[in-house]
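Here's the structure we're looking at; comments come further down.
The values are calculated or read from the model by the stated rules, or taken from the named source; none is laboratory data. Since this is a predicted model, take the numbers as computed values, not measurements. In this analysis, Cβ positions are derived from the backbone assuming ideal geometry, glycine residues included, and neighbour counts consider all displayed protein chains.
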């Protein structure tokens, strides 16, 4: 198999129709085209259209007339219904197109792997464009126009810039991707991982063997696809690999991270992330290793995040880029008035953004205290004073500043995970930022006033932020505040998907302030329906059965002849828990059965409360059985 001369990316705007078709004619190994649409759950479509169809019907691909899909095959509940199921796919010429190669299928003529040209697309329904990509594209266009209008009307405090010199507003976005890699079909005790994590044995350590090879190949391939990788490294989770007699690594379980350069177009940034996930999976699979992007694949050990960076800039008519978050004097101000407004808007509206960020049980399993988890709606500006930047890893959104590079100023939102829908959360971050910018610029607040407001204490009145909340902390929030203080100052973190989704109805004013033509409320409601359905199904048909297996597996290990009363006492507690969790009796239903009953009745409040109780009792059962099983020998 030869990979020499393969085409990996067709950059946006580099070729017209004739150039694209001429390039494809020179590469007969590219045999298929796939239109990549993103539904509201973040799933990407994939199909195999013969390249000949693309040649014959090129124009139709860009007019939403060539390819359709059934609405039942994508997650668009309440929109693409059975009686209105047609969804048209319109190719997007404004972003990079990637070529996906299948090393298991070799073209007999060229000797090269068969390629599929993946063209990002929009999904059009009778009711309009309804996909994640179109939401983000329309949002950044809308926010850009609104911000430019505000700047021209009110100016910016902290930046000496002539509004008439601005040609357009741009949005810098990027994600960092963490993931776990392991040898297939091998498991390890959680306690071994937990101890390794607490001893800090893995973070930034040198990679070895297959993991090193796969990580290096991943970085190389990201370069081939034009994603401009910045680094790949080990993360906090994992244990030392085992080696067989031949010197081969036979047991791998490690957490890694790969980063690549930001993009000036948020849609391209989100497209890049999908391509990066494909590359990572394929490269590690080629090396016999399994990758998971789950947020919390292993209970009790650090989960995988996807820190999302958001920034905003202006392209001047002379071509110069100006970061709209950076003040002219980095030693005296943390941010410009645009920057302060942006972070204030995100924090104020985060209750209705969070359902989109953390829409699964897996994602909320990661967001728990004790694992540097960003569960508090609070920011850090990078130190007590602007001239000494620091980094607080316990906040939801931290200000990233480089005193020598004002262009790099941005906010890092730490709550997203690898399965968050990056298109939707970027759209919501920028819509919320716009609301805060409207306040900061519209009220013509100077940077001193805005710093005082975001630094306000609980109970202090404010023009925009809520009186009974705090929004800034430059200290470790978990070390310096107890649980009651955390909830009082920064809000209560949702424990279940239902608790999270309820915010969309509990804060109607915040939802209304974000909803707009670019991201209409009906699409927000469709996302909620889909997330709720997936939570209920997963709870009933995956989580409960998995927990039942663990309950059944917790068997008595001592005999009736055992004279150790401690064993009997421990087993009695364990068996009572097993009954409470999974065995219906004449006295009543088990917790598992109560949850199923509540879900059947669509009593989601009760099902959610019971899920919280179930999780606590499962943790208790696991701890008790560990003590019991390691003593009853």
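Looking at 325, 293, which one is in contact with a strand residue (DSSP E or B) (Cβ under 9 Å, 6 or more places away or on another chain) and surrounded by fewer than 23 Cβ atoms within 10 Å (Cβ to Cβ)?
Going through 325, 293 in turn, the sole match is 293.
Taking the conditions exactly as written (surrounded by fewer than 21 Cβ atoms within 10 Å (Cβ to Cβ) and modelled with pLDDT of 95 or more), does residue 220 satisfy them or not?
It is true that residue 220 is surrounded by fewer than 21 Cβ atoms within 10 Å (Cβ to Cβ) and modelled with pLDDT of 95 or more.
Which ranges mark the helices (runs of 4 or more DSSP H) fully within the range 494-563 that have 3 or more residues being under 15 Å from residue 428 (Cβ atoms) and not assigned by TED's automatic domain parsing to the domain that holds residue 361?
521-538
For residue 411, which of the numbered conditions (1) under 17 Å from the mean Cα position of the chain (by Cα); (2) part of a loop (DSSP other than H, G, I, E, B) fails to hold?
Unmet for residue 411, out of (1) under 17 Å from the mean Cα position of the chain (by Cα); (2) part of a loop (DSSP other than H, G, I, E, B): (2).
Residues of the range 555-589 being closer than 20 Å to residue 626 by Cβ and at pLDDT 95 or above, which ones?
573, 574, 575, 576, 577, 578, 579, 580, 581, 582
Table: residues versus (1) closer than 27 Å to residue 538 by Cβ; (2) touching a residue at least 40 places away in the same chain (Cβ under 8 Å); (3) exposed (fewer than 12 other Cβ atoms within 10 Å of the Cβ).
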residue: 558; (1), (2), (3): no, yes, no
residue: 580; (1), (2), (3): yes, no, no
residue: 583; (1), (2), (3): yes, no, no
residue: 586; (1), (2), (3): no, no, yes
residue: 601; (1), (2), (3): yes, no, yes
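Restricting the range 37-57 to residues that are farther than 26 Å from residue 418 by Cα and surrounded by 15 or more Cβ atoms within 10 Å (Cβ to Cβ), which is nearest to the chain's Cα centre (by Cα)?
Within the range 37-57, the match that is nearest to the chain's Cα centre (by Cα) is 49.
In this structure, is residue 255 at pLDDT below 90 and buried (at least 18 other Cβ atoms within 10 Å of the Cβ)?
Criteria met by residue 255.
Looking for something in contact (Cβ under 8 Å) with a residue 12 or more places away in the chain and within 30 Å of residue 607 (Cβ to Cβ) - is there at least one such residue anywhere in the range 437-446?
Checking the range 437-446: not a single residue is in contact (Cβ under 8 Å) with a residue 12 or more places away in the chain and within 30 Å of residue 607 (Cβ to Cβ).
Conditions: (1) free of Cβ contacts under 8 Å to residues at least 24 places away in the same chain; (2) under 30 Å from residue 2 (Cα atoms); (3) surrounded by 15 or more Cβ atoms within 10 Å (Cβ to Cβ). Residue 116 meets all but one. Number of the miss?
It is condition (1) that residue 116 fails.
Go through the range 478-493 and count every residue that is within 30 Å of residue 543 (Cα to Cα) and either outside the structural domain of residue 397 (by TED's automatic domain parsing) or part of a loop (DSSP other than H, G, I, E, B) (or both).
Total satisfying the criteria: 3.
Take the range 379-391 and flag every residue that is in contact (Cβ under 8 Å) with a residue 12 or more places away in the chain and either under 22 Å from residue 608 (Cα atoms) or part of a loop (DSSP other than H, G, I, E, B) (or both).
Within the range 379-391, 381, 382, 383, 384, 386, 387, 389, 390 qualify.
Return the only residue of 384, 372, 351 being assigned by TED's automatic domain parsing to the domain that holds residue 437, surrounded by fewer than 24 Cβ atoms within 10 Å (Cβ to Cβ) and at pLDDT 95 or above.
351
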